[in-house]
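For reference, the structure is listed below as structure tokens.
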Ligand code: C5P
């Protein structure tokens, strides 16, 4: 039995990695599996929310009752999010969005020639920061995957991106894997959750989110 603590909420989420093309057959991506975001989308839907999930390239089934929009690049993810955000009252950014993309992706396959090849990268938009700085932003939740200094970086993100809640984890504790160990940060403090499967962690995140919303 799942209490419907998010009944009536409309939640927009991102999940998975992004894929930034270098040429028609190659690109830059990362080790995000999408499992944490998909588990959270499922838990939000089970708690009664209407959920739209904007997903980067992953090999996961769509959770029951969730509307899924597939994207590849950070720029497309941003376009889809900005187009949909007005119809939602909560935004949860779980995606591991590439911070940089190739300046000029080649339309032809890059051939091998010289011993060295340089690829110039340019900054991608920060989707979460852009949503949180809209004139009438939804309730914004961020994720922070760090390799060290989790408290400092996660609490920094809460303030810098003007978020209501951040879910932090050390990369080595969760990214790409089955289980996760997270700490939730909000304006009042930090709340470590026990190490558990991403499905169980998602249930804990939903409970905290509902307590802040209600
Ligand atoms: O600053 P950092 O990338 O570590 O922040 C992580 C949070 O910001 C995550 O919630 C992630 O989904 C979001 N993010 C984003 N767009 C980016 C980079 C991060 O939405 N370009």
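Since every read-out is calculated from the coordinates, none of them should be taken as a lab result. Values in this document were obtained by computation on a predicted structure and should not be read as measured data. Note: ideal-geometry Cβ built from the backbone for every residue, glycine included; neighbour counts use all protein chains shown.
A few notes on this one:
- Using just its DSSP H runs of length 4 or more, each adding -39500 (n - 2.57), the chain gives a mean residue ellipticity at 222 nm of -8000 deg cm²/dmol after division by all residues.
- Length added when fully stretched, residue 59-residue 99, from 0.36 nm per residue minus Cα-Cα: 12.2 nm
- Placing a label point 7 Å from the Cα of residue 162 along the Cα-to-Cβ direction, the residues of the range 172-212 whose backbone N falls under 17 Å of that point are 187.
- Neighbour counting of Cβ atoms within 10 Å sorts the residues 91, 139, fewest neighbours leading, into 139, 91.
- Inter-label distance, nm, simple model (7 Å from Cα along the C-beta direction), residue 172/residue 151: 1.9
- Taking other C-beta atoms within 10 angstrom as a stand-in for reagent exposure, 58, 201 fall in the order 58, 201, fewest first.
- The stretch between residue 208 and residue 23, if pulled fully straight at 0.36 nm per residue, gains 62.4 nm over its current Cα-Cα span.
- Whole-number percent relative contact order across the chain, with pairs defined as alpha carbons under 8 Å at least 6 apart: 20
- Cβ-Cβ FRET estimate between residue 200 and residue 75, R0 fixed at 45 Å, reported to 0.05: 0.85
- Stokes-Einstein diffusion coefficient of the range 1-42, Kirkwood radius over Cα pairs, 10 °C, 1.306 mPa s, in µm²/s: 122
- Once the convex hull of all Cα atoms in the range 144-214 is built, its volume per residue stands at 79 Å³.
- The angle separating the long axis of helix 198-213 from the principal Cα axis of greatest extent in the chain is about 60 degrees.
- Cβ-to-Cβ counts within 10 Å put 79, 115 in ascending order as 115, 79, the fewest first.
- Kirkwood-Stokes translational diffusion coefficient of the chain, alpha-carbon pairs, 25 °C, 0.890 mPa s, µm²/s: 138
- Label positions at residue 7 and residue 130, each projected 7 Å from the Cα along the C-beta direction, are separated by 3.6 nm.
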